[in-house]
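Below: one structure, written as structure tokens.
The values are calculated or read from the model by the stated rules, or taken from the named source; none is laboratory data. As the structure is a prediction and not an experimental result, all values here were calculated from the model. So basically every Cβ, Gly included, is an ideal-geometry build from the backbone, and we count neighbours across all protein chains shown.
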Amino acid sequence: MRELLLSLDHTQGDLTGQLIRELRTVVREGRLAADTRLPATRALAEELGVSRGVVVEAYAQLVAEGYLVARRGSGTRVASGITPAGPAAPAGPAEPTVAYDLKPGTPDLASFPRAAWLSATRQALAEALHSRLGYGDPAGQLGLRTELAAYVGRVRAAVAAPADVVVVSGVAQSLALLCGVLLARGHRRWAVEDPCSPGMLDLLRAHGVEPVGVPVDDEGIDVDALAASGAKVVLVTPAHQYPTGVVLAPARRTALLAWAQRAGALVVEDDYDAEFRYDREPVGCLQGLARDRVVHLGSVSKSLAPGLRLGWAVLPDRLVEDFRTAKRYADLGTGVIDQLAFAGLLASGAYDRHLRTVRARYRSRRDALVRSLGTHLPDAAVRGVAAGLHLYLDLPPGVEEQAVVTAALARGLRVEPVSPMRLSPGGPALALGYCGLTEGRLERATALLAQAVAAAPAP
């Protein structure tokens, strides 16, 4: 039984007639779908402040008219064939069916630790005080901020206290809030790695920031070019540059932080998939080397699932209060129950166990994709395989990037072109995610990609 919004004017009389007209309109307009059960006559009468007889008579009239159906043991329901269908969507070209999706950015959603998350949620609900469910600190639950400060210190070598941490709804919100905070301080131009995520470029522009591209080479962002750009804010992905997969070299890390200190600049560190490394030792985050010059951003979008919309920002002291205020006015705080559940996952060690499990799974899938690319596309160069959840594929010379993307889609394969990620021209390349497909399906996907490359016309 569902609640039902109806309006009767008790001063006008004929309450039965009014109720009949109201219900008839509700059904005709489709506000009640076919087979929807109406409230019991006694319950609806009490809600409307009328006698039960008014509702009984109105239901009987509408049954007689064919708008409602009354069945013993099933209550009174909306008759089928009365609710109008919504307007037909305009016909458009049929989208090709995607059987193999190599678009990067999403982990294997089937690997989400449902049992552990359910257990953590149950425990949180069982133990949380009622007051926890009210409007709390917009920076996030203290328990989660404490666990996050310990986690980024232990795993990413960050230097953070709970007061430095703000819980957000993903890295995208962190960037949106930072844009506002820094625009108020006069920072309209941000340097960004070239190439970089097109979604990040769109987000920055949507919030009034002008992205300035700085080249990336085999050692990471070009710090000399960064200094020449004139920007006082730079957004980087040093642990596994997106999309090239380059790890910021030690000399570049030192030079970047020296530039920030010298120029009074700010480094925004997107640590988007640093938990996943396979063939190298983990590299600590930049924030641990210069906490007064680095904003460290993280989330569970790659480690658990992007649908959780849960992340964190570790901020220098001078930005904490403004960022907390921006978070307050954005949404009053991130959902409490998910915060409590994630805090429990961290505290119990379940999050670490999950990462160990999926890290081994993703390594196996990465190896399968690299082997398959070597077999089917020996003339293409593979980069950025030592860590992360995607790899970078330089297409053979003379191949037109978008033609490959189109030909692949026609074969049921989705791949990500790099050209939309560039602020300056570059060679044809693809970013390939491998988390969501098994080893056998990655082999088949690579064979289809080789067909698409062979079928693509030269530029």
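Some notes on this structure:
- Residue check, Arg156 more than 21 Å from the chain's Cα centre (by Cα), of a type outside the set (A, V, I, L, M, F, W, C) and surrounded by 21 or more Cβ atoms within 10 Å (Cβ to Cβ): yes
- Hey, Thr76 assigned to a loop (DSSP other than H, G, I, E, B), out of contact with any Cys (no Cβ under 6 Å at 6 or more places or on another chain) and at pLDDT below 95 or not: no
- Scanning region 196-222 for residues that are surrounded by 15 or more Cβ atoms within 10 Å (Cβ to Cβ) and in contact with a Lys or Arg (Cβ under 6 Å, 6 or more places away or on another chain) yields Val212, Glu219, Gly220.
- If you go through region 61-73 and keep only what is buried (at least 19 other Cβ atoms within 10 Å of the Cβ) and in contact with a Phe, Trp or Tyr (Cβ under 8 Å, 6 or more places away or on another chain), you end up with just Leu68.
- Scanning region 24-45 for residues that are over 12 Å from Ile82 (Cα atoms) and of a type in the set (A, V, I, L, M, F, W, C) turns up Leu38, Ala40, Ala43, Leu44, Ala45.
- Against the list (1) within 22 Å of the chain's Cα centre (by Cα); (2) within 17 Å of Ile221 (Cα to Cα), the condition Leu266 fails is (1).
- Condition check for Ser372 on (1) in contact with a strand residue (DSSP E or B) (Cβ under 6 Å, 6 or more places away or on another chain); (2) among the hydroxyl-bearing types (Ser, Thr, Tyr); (3) in the same structural domain as Gly440 (by TED's automatic domain parsing): one failure, at (1).
- Scanning region 427-455 for residues that are closer than 21 Å to Ser197 by Cα and surrounded by fewer than 17 Cβ atoms within 10 Å (Cβ to Cβ) yields a total of 1.
Conditions (1) more than 45 Å from the chain's Cα centre (by Cα); (2) loosely packed, with under 12 Cβ neighbours inside 10 Å; (3) over 17 Å from Ala79 (Cβ atoms); (4) in contact (Cβ under 8 Å) with a residue 60 or more places away in the chain, marked per residue:
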| site | (1), (2), (3), (4) |
| --- | --- |
| Arg24 | no, no, no, no |
| Leu32 | no, no, no, no |
| Ala40 | no, no, yes, no |
| Leu48 | no, no, yes, no |
| Val55 | yes, no, yes, no |
| Tyr59 | yes, no, no, no |
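- So Ser51, is it at pLDDT 90 or above, of a type outside the set (Phe, Trp, Tyr) and on the phi < 0 side of the Ramachandran plot: yes
- Under the condition of being touching a residue at least 60 places away in the same chain (Cβ under 8 Å) and in contact with a helix residue (DSSP H, G or I) (Cβ under 8 Å, 6 or more places away or on another chain), the residues counted in region 257-276 number 8.
- Filter result for Glu193 (among the charged types (D, E, K, R), buried (at least 16 other Cβ atoms within 10 Å of the Cβ) and at pLDDT 95 or above): yes
- Among the residues of region 399-415, those identified as surrounded by fewer than 21 Cβ atoms within 10 Å (Cβ to Cβ) and not small (Gly, Ala, Ser) are Glu400, Glu401, Gln402, Val405, Thr406, Leu409, Arg411, Arg414.
- Unmet requirement for Ala290, which otherwise passes all of (1) surrounded by 20 or more Cβ atoms within 10 Å (Cβ to Cβ); (2) small (Gly, Ala, Ser); (3) in a loop (DSSP other than H, G, I, E, B); (4) modelled with pLDDT of 95 or more: (1)
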